[in-house]
Amino acid sequence: MIAQVQAMSTPDVAWSALAPLLALVGGALVLLLVSTLTTAKPPRGAYAIITVLAAVFAIGSAMAIWDRVTDPSQGPYAAVAGALSIDGFTVFLTIVIAVGVALAAMLCDDYLRREGLDGPELYVLLLLAAAGGLVMAMANDLIVLFLGLESLSIALYVAAGFHRRRASSREAAMKYFVLGAFSSAFLLYGIALVYGATGSTNLVKISAFLSHNVLEREGLLLAGFALLLVGLGFKVSAVPFHVWTPDVYQGAPTPVTAFMASASKAAAFAALLRVFVTTFYAQRVDWQPLIAGLAVATLVVGAVLAIVQSDVKRMMAYSSISHAGFILVGVQVASARGTSSALFYLLAYTFLIVGTFGVATVVGRRGDAAHAITDYRGLGSRRPGLALVFTVFLLAQAGVPLTTGFLAKFYVINAAVEARSYWLAIVAMLSAVVSAFLYLRVVVAMYMSEPGAAADADGRLQIPAGAGIALALAVAFTLVVGVVPDRVAHWADRAVPVLTDKAG
Amino acid sequence: MDVGASWYLVLAAMIFAIGALGLMVRRNPLVMFMCIELMLNAVNLTFVTFSRELNDIGGQVIVFFVLVVAAAEVTVGLGIIVAILRRRPGITADDVSALKG
């Protein structure tokens, strides 16, 4: 018996490839341990600094992997018995997700103190959610993908309900939980059907099986595609699976909303790109029309419904739906160009949306309730700097040149035109025009209307240090990369996912 | 009568559909949880059936992963429900509707 146990081979764990993941999980454990073992109150901002350090360490170790996987003599490889795929795509998304968690942590710092919720828990949840997102981005196996998605989602269910005293936060948690669990079940059923059709859940084996065999039961695989699309469509909030998005984004604590809109969405798109565009590339005629349909519906519904909102958080939720439509256009193209345009969009959008919700965090004031568009009236005269920063984010989201938002939209539409998806490109451009109206509506409210009486009573808005740094970083990225995008665009070009089972 | 693999697959599909339908029509939060469990266990049945049919142990291993995930999900979900019920006893999913538009 003992001899048998010794003979069992265990997978070789590639610690260097897992370093970004370990940094995030390690950061979460350090936070929990330190806060449990010390009785003294920690210095202000200590939790946020630990979180940001963990994220920075994750980015640093990811960059070390980048050099290895882009070196032609070594190239991408699979780690942990082929369960995780380490390639440029993994590194790029690691950076996107780590940036999302770092910026969200900076927003959390003052927010939690302002709302009387200070403690390490929310940072731990965000770090664990980010680790789940990382697992999704590097998953080389559908079950690993599912586990990553669940660690991301379960942590976020709690984070959405973190503002316990606000009924809307509890409601957001409940709605997110029910619809999230619903969509996970669909995703899992899709995985089961793909497993039944191909005999494996490993993406490399699935792809190899499909290229060497003619399927007897094609219907099983197609049903699997449809269910996988439903499951992932929920997570990226594609119409018609978007109904949870506005409620949850509005009700969740604003820094958590920033994280959900950036890192969580990036992880879901990573899964979509790796599973559909890379693994099921040969079957693209089957799923391309489905994603094209989703993209059109998402672009149109997101932009149109955003216009009629009067709550800025809700409006940005709908606008994030329409952004998801743009990224879906990049996914639908199913080419290296489409994938890299989607990746560039995700990176640009992470900074934009965290910045947008960062301003909303500051303007929300104590109670996190002042999010009506009337609360932004006169912001241009009361806090000119904050209003200017918000204007940059809004114009960038609208796609004004010299910002990353313009380039992101340009690359996606360019990829669609190259693939002769003219209709999609036209719908995307029309949607951009429609949504420009809603961003300008907020800008007009800030600069061209008088502040309400309630705003005067509140006195001057304070911009806390953490949020200030996060906003400054986001604006700097949006403008600098908007003017000189070559380097980042080049990285995105080289970050296309690769299927490999070559051990590291 | 010969009960083949397709019977199990059809049964799983039916259980999954019952769960999905129940989640949409029932308004009691706890019953909605049970419907989610029903959906996940229907998928487990599918995995085990395919695992047996393909003669591959992988599908059965997956079931253990799913069970753990389902347990974690229920823990968090019950926490959320308790947080809501403590404020307003006897609440149904229809009453949680402050956010809309």
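The values are calculated or read from the model by the stated rules, or taken from the named source; none is laboratory data. None of these values were measured; they are calculated from a predicted model. A quick note on method: Cβ atoms are made from the backbone with ideal geometry, for glycine too, and the neighbour counts reach across all protein chains shown. Note: accessible area is taken over every heavy atom of the protein model, side chains too, but ligands, DNA and RNA are not part of it. Shrake-Rupley method; radii C 1.70, N 1.55, O 1.52, S 1.80 Å.
Report yes if A:Leu117 is open to solvent by 10 Å² or more (accessible area, probe 1.4 Å), out of contact with any strand residue (DSSP E or B) (no Cβ under 7 Å at 6 or more places or on another chain), in contact (Cβ under 8 Å) with a residue 12 or more places away in the chain and part of a loop (DSSP other than H, G, I, E, B), otherwise no.
Details: open to solvent by 10 Å² or more (accessible area, probe 1.4 Å): yes; out of contact with any strand residue (DSSP E or B) (no Cβ under 7 Å at 6 or more places or on another chain): yes; in contact (Cβ under 8 Å) with a residue 12 or more places away in the chain: yes; part of a loop (DSSP other than H, G, I, E, B): yes.
Judged against the criteria, A:Leu117 is a match.
Restricting attention to segment A:341-367, which residues are farther than 18 Å from A:Ala387 by Cβ and at pLDDT below 95?
The answer is A:Arg366, A:Gly367.
In this structure, is A:Phe357 under 16 Å from A:Val392 (Cα atoms) and in contact with a Pro (Cβ under 8 Å, 6 or more places away or on another chain)? Give the derivation first.
Values: under 16 Å from A:Val392 (Cα atoms): yes; in contact with a Pro (Cβ under 8 Å, 6 or more places away or on another chain): yes.
Yes; evaluated as a whole, the condition is true for this residue.
With respect to B:Phe16, determine if the residue is at the interface with another protein chain (Cβ under 8 Å from one of its Cβ atoms), over 22 Å from A:Trp244 (Cα atoms) and surrounded by 15 or more Cβ atoms within 10 Å (Cβ to Cβ).
Numbers: at the interface with another protein chain (Cβ under 8 Å from one of its Cβ atoms): yes; over 22 Å from A:Trp244 (Cα atoms): no; surrounded by 15 or more Cβ atoms within 10 Å (Cβ to Cβ): yes.
Judged against the criteria, B:Phe16 is not a match.
Scan B:Ala42, B:Ala71 and give me the residue that is farther than 19 Å from A:Gly161 by Cα and crowded, with 19+ Cβ neighbours inside 10 Å. If you could, list the steps in order and put the result at the bottom.
Details: B:Ala71 fails: crowded, with 19+ Cβ neighbours inside 10 Å.
Just a single option satisfies the conditions, and that option is B:Ala42.
When you go through B:Val31, B:Val66, B:Val3 one by one, which is the residue that is at the interface with chain A (Cβ under 10 Å from one of its Cβ atoms) and out of contact with any Cys (no Cβ under 9 Å at 6 or more places or on another chain)?
Numbers: B:Val31 fails: at the interface with chain A (Cβ under 10 Å from one of its Cβ atoms); B:Val3 fails: at the interface with chain A (Cβ under 10 Å from one of its Cβ atoms).
B:Val66 is the lone residue from the list that is at the interface with chain A (Cβ under 10 Å from one of its Cβ atoms) and out of contact with any Cys (no Cβ under 9 Å at 6 or more places or on another chain).
Return the residues of segment A:101-138 that are modelled with pLDDT under 95 and over 24 Å from A:Gly358 (Cβ atoms); say none if nothing qualifies.
Within segment A:101-138, just A:Met138 meets the criteria.
Are there any pairs with C-beta distances below 9 angstrom linking a residue in segment B:86-101 that is without any contact (Cβ under 8 Å) to a residue 24 or more places away in the chain and at the interface with chain A (Cβ under 8 Å from one of its Cβ atoms) to a residue that is open to solvent by 80 Å² or more (accessible area, probe 1.4 Å) and in a loop (DSSP other than H, G, I, E, B), with the two at least 6 apart or on different chains, and if so which?
B:Val96/B:Arg88; B:Gly101/A:Val308
Taking segment A:177-196 as the search range and keeping residues that are among the aromatic types (Phe, Trp, Tyr) and within 23 Å of B:Ser51 (Cα to Cα), which one is farthest from the other protein chains (Cβ to nearest Cβ)?
A:Phe186
Might you check whether a residue that is part of a helix (DSSP H, G or I), touching a residue at least 60 places away in the same chain (Cβ under 8 Å) and of a type in the set (D, E, K, R) occurs anywhere in segment A:173-189? So that I can check it myself, show each step before the final result.
Taking segment A:173-189 and keeping what is part of a helix (DSSP H, G or I), we get A:173-189.
From what is left, the residues that are touching a residue at least 60 places away in the same chain (Cβ under 8 Å) are A:173, A:175-176, A:179-180.
Cutting the leftovers down to of a type in the set (D, E, K, R) gives us A:175.
Looking through segment A:173-189, at least one residue is part of a helix (DSSP H, G or I), touching a residue at least 60 places away in the same chain (Cβ under 8 Å) and of a type in the set (D, E, K, R).
Check off (1) open to solvent by 70 Å² or more (accessible area, probe 1.4 Å); (2) farther than 30 Å from A:Phe209 by Cβ; (3) within 7 Å of chain A (Cβ to nearest Cβ); (4) at pLDDT 90 or above for B:Gly77 and give me the number that stays unchecked.
With (1) open to solvent by 70 Å² or more (accessible area, probe 1.4 Å); (2) farther than 30 Å from A:Phe209 by Cβ; (3) within 7 Å of chain A (Cβ to nearest Cβ); (4) at pLDDT 90 or above applied to B:Gly77, the lone miss is (1).
With a cut-off of at least 3 residues that are out of contact with any Ser or Thr (no Cβ under 6 Å at 6 or more places or on another chain) and closer than 28 Å to A:Arg114 by Cβ, name the helices (runs of 4 or more DSSP H) lying wholly within segment A:349-427.
The qualifying helices (runs of 4 or more DSSP H) are A:379-382, A:384-398.
When the residues of segment A:156-176 are narrowed to those that are open to solvent by less than 10 Å² (accessible area, probe 1.4 Å) and among the hydrophobic types (A, V, I, L, M, F, W, C), which ends up nearest to the other protein chains (Cβ to nearest Cβ)?
Restricting to residues being open to solvent by less than 10 Å² (accessible area, probe 1.4 Å) and among the hydrophobic types (A, V, I, L, M, F, W, C), the top hit is A:Ala173.
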